[in-house]
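The values are calculated or read from the model by the stated rules, or taken from the named source; none is laboratory data. This one's a predicted model, so the numbers in the text were calculated from it and none came from an experiment. Glycine gets a Cβ as well: all are built from the backbone with ideal geometry, and neighbour counts include every protein chain shown. Ligands, DNA and RNA are excluded from the accessible area calculation, which covers all protein heavy atoms including side chains. Shrake-Rupley method; radii C 1.70, N 1.55, O 1.52, S 1.80 Å.
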Amino acid sequence: MINMKKLSVIFIIGTLSILLTISALIGFLSYKNYKPSVAFYNIDSSTQEIILSMLDDDYKTVILNSDIPLSAQKSDFKNCSLIFSQTDYDVIEFCNSSKKVKTVPEEFLNGMSSTVVDFTNFLNGNKTSGKSISGKPVSGTGANSSQSKIKLVPLLFDFYQIDIDFAAYKEFSSKNSNRPLNYWDDFTEFLELYAKTQKNPLTFYGKDEKNLLAITGMLAEGLTANENAPTLYENFCSALYQAYKTDIAKENYQNTNKNKNPTSQENSNYHNVRQVLEEACSPNGFLYPAIKEFSKMIKNQISEKTAFQLDQTEMNFYLENGISVSAFLKLSEHRKIDHKIINKFSSIYFPSKTDRVSRKFAAPCICVIPLKNKAKITNQIEQLCNNRQTELSTRTGLSPVQKNCSVADHQADDVRYWIAASDGPVLPIYAAIPSKQIQAFCTNLILEHILQ
């Protein structure tokens, strides 16, 4: 007679064996079909496609919401191996505080200019001089220290610049020479003379909040006679970011407690951000020279009020039809204008008001952020920031971070030189307020001061 107890044991063992076999098969098939993921934050679709085509693996993509801070979307990229991101202050703080973000060797910075290395150390909290995004002194000990950590790796730079029709400049400038524009007054003198023949020689697309904030910041940095203007710029951005965080925290608290205490829902109108901006726009404030210059350009018919309502397509129309002979725009926007038209223009950085030695320029930066501590991921980053820089720069039209790699044209090369020859790049003002709603609030407040 069969022992029922033994039979039960055999049955259980058999069942477990079958379940383990099925589980192993499912695991094998899942591994075989597994595709790693990469996330993109605040990067245009064409650049996304270029980056994806240059990766060694076939990655799934996660497109993050560019209107929401990166730190608020952790659940959306928790399974990703890499994030490709425009750099802003929230991105920096998230990377420096998150254990999920991995590090790469400092050697990945080899071949970059000293200003780009310094900028990278600032992003990663390694810089010895100056202040961090919180406005506090940084405790790191430099690029070659054992305490250094590299979590955000720069790949490409955009650049806020001025495009000028130099044939018109040579015709209308009283200098009437081939020498470059050295000072801001050289530029405005040319525009004022040209405006006597045709109004509105300068255009820009001020409808875009980010663009207007960045231009205002670059004007302020250039028109400030103080040699410490770059530090004033960075201090202003740090103060603005801290005010932004305070107002966001208050707004979140109000939203959480609106049912418990309806009176707490009173609109703060971003009190702290407003306070920082009002101070900056006052006669002794950092932004005041830019506010004053915008008002002067409107008064002298160098530019019209409607420029603050133009979008990029409308700005391009002004240039393509000879209505304007100069423009404030980015390198990436320069690339989008018809080649036959833009070929007549030369690009310069925002000149200073006086003969200042210390300069910093607004250069939006695309970085890569590692989320997996795997050799394949680390090697992929090394490829992108080193020996694939020429291809990356050529295909995107942006400036490389490597100082000696080949570039497609003099536009990208000029930007690389300007960054290397300056005290380094800085992030545009809008990077300190990574919220579309608050960016709109800030531009409206600045416009009130310009147009009053």
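Key figures for this structure:
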read-out: Separation of alpha-carbon centers, the stretch 295-311 and the stretch 380-452, rounded to whole Å; value: 25 Å
read-out: Whichever aspartates and glutamates have a C-alpha closer than 16 Å to that of Lys102, once near sequence neighbours (fewer than 8 apart) are set aside; value: Glu93, Glu382
read-out: Å² of accessible area per residue within the stretch 348-416, as computed with a 1.4 Å probe and no ligands counted; value: 40 Å²
read-out: Charge dipole (the stretch 299-349, unit charges on Cβ, about Cα centre) - positive-most of Ser326, Thr306, Ile348; value: Ile348
read-out: Set Lys196/Lys305; Lys360/Lys403; Lys74/Lys99; Lys170/Lys340; Lys305/Lys336; Lys78/Lys374 screened for pairs whose C-alpha atoms are more than 22 Å apart; value: Lys305/Lys336
read-out: Length added when fully stretched, Leu193-Arg395, from 0.36 nm per residue minus Cα-Cα; value: 68.8 nm
read-out: Net charge contributed by nearby residues that have their C-beta within less than 11 Å of Gln437 (K/R +1, D/E -1); value: -3
read-out: R0 of 51 Å, Cβ-Cβ distance Lys372-Ser406: FRET efficiency to nearest 0.05; value: 0.95
